[in-house]
Amino acid sequence: MYSQFQKYLQGELADIQQAGLSKNERIIVSPQNAVIKVDSGQEVINFCANNYLGLSDNAELIAAAKSALDQRGYGMSSVRFICGTQDLHKDLEATISRFFGTEDAILYAACFDANGGVFEPLLSEEDAIISDVLNHASIIDGVRLCKAQRYRYANADMADLENQLQIAQAQRFRLIVTDGVFSMDGNVAPLEKIYALAQKYNAMVMVDESHSAGVVGKTGHGVTERYNLRGQIEIITGTLGKAFGGAIGGFTTGKKEIIDLLRQRSRPYLFSNSIPPMVAAAGIKTFELLENSNTLQDKLHANTAFFVEKMKSAGFDIKPTESAICAVMLYDAPLSQTMAARLMDEGIYVTGFYFPVVPKGQARIRVQISAAHKKEHLEKCIDAFVKIAKELKVI
Ligand SMILES: *Cc1c(COP(=O)(O)O)cnc(C)c1O
């Protein structure tokens, strides 16, 4: 059998290659940070990590992880409900719900699992899930695993959401689902309008704060802070793999009974390993740092404002952003790849995206800003953009 299957796989791989969609991994040989070393020996300034608060290589988090490694060992060798729960897991869950102003929280190995395991235990055929078309792949997969009726609305389009809510009145329970920040444009979901429509049409709301928590809101508490809706949203999911240290781990936080039922029935929670003690301990430390000081959040906001302002005045077309994601619009797919490669030669590491990752004719370079960037890093990046864009006649 395998020789036939092998030919089929080779064909699929060749198709991916020919379409120019092959993903190649760049090898990094240093910690994740504002400046990284790649395996060629080149040092580059990194503008494509989700290391928004610069915590991926933070000394205090490393110390907390090391100390837990010494005191609590390496792994749990169990799921949570058999013998995989330490006090550290419970403390981290309590810390997460304090951070978001919610009633309880449940940990997962990743936010992919949190989203994969949130819908199916809660909703059934009689219910409705109304989802933004640009929601993350893990939300799409989670919805597929659930028997609820599915409705989709155009990205952040409140007229379309209202239409879908009207149709969904036929169902018993309604849940609107949105990303907090959409990863390709950097726009924030209009949560106050979503919430108002949810009130009007008797629906609940779920927000995935993966790209927004730690970033959006004056103190980085996410979109519920930005729109003054702390404690009002039924379900929030998020990751420890982006702003919050960047290691691994995800969570769902929100209403008590929802979390209670997930602990009983959510399959990625029941049938997958607990996060390692060192990750739980460093997670607790992360939230402690962010509650005690706003320095990192302020730095990130100042860096982003500086970068966007300078890029706009240099003549670049930047998508309106309220996050640490800046989409530099080029519209042309080959141009986005040439420009990203030329920037790499200049020591600036960014990624160019084109169809099908973004709509046709919407090719761009995505720049992700971090609190770890120093002013000189941002200036070097802007100078390199200007130099290459002039060469390529973009500006
Ligand atoms: C990154 C991301 C995830 C996945 O998070 P992991 O913890 O890496 O699995 C889920 N949802 C959104 C919106 C994301 O951006």
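The values are calculated or read from the model by the stated rules, or taken from the named source; none is laboratory data. Quick caveat: nothing in here was measured; it's all calculated off a predicted structure. Cβ atoms come from the backbone with ideal geometry, glycine included; neighbour counts cover every protein chain shown.
Structure summary
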quantity	calculated
Wholly within the stretch 235-340, strands (runs of 3 or more DSSP E) carrying at least 1 residues that are farther than 30 Å from GLY20 by Cα	235-239, 250-254
Selection from the stretch 303-340 of residues that are touching a residue at least 40 places away in the same chain (Cβ under 8 Å), more than 22 Å from the chain's Cα centre (by Cα), under 21 Å from VAL188 (Cα atoms) and surrounded by fewer than 17 Cβ atoms within 10 Å (Cβ to Cβ)	PHE306
Considering residues of the stretch 165-221 that are within 12 Å of the ligand (Cβ to nearest atom) and assigned to a strand (DSSP E or B) only, the residue nearest to ILE365 (Cα to Cα)	VAL181
Pairs with Cβ under 8 Å, 6+ apart, first in the stretch 15-26 and modelled with pLDDT of 90 or more, second among the polar types (S, T, N, Q)	ILE16/SER22
Residues located in the stretch 112-128, provided they are away from the ligand (no atom under 16 Å from the Cβ) and of a type in the set (Gly, Ala, Ser)	SER124, ALA128
Set ILE382, ILE395, ILE348, ILE369: member being in contact with a Ser or Thr (Cβ under 9 Å, 6 or more places away or on another chain) and at negative phi	ILE369
Among residues of the stretch 341-377, those that are in a helix (DSSP H, G or I), hydrophobic (A, V, I, L, M, F, W, C) and surrounded by 16 or more Cβ atoms within 10 Å (Cβ to Cβ), counted	2
Residues being surrounded by fewer than 24 Cβ atoms within 10 Å (Cβ to Cβ), aliphatic (A, V, I, L, M) and away from the ligand (no atom under 11 Å from the Cβ) - total across the stretch 234-255	1
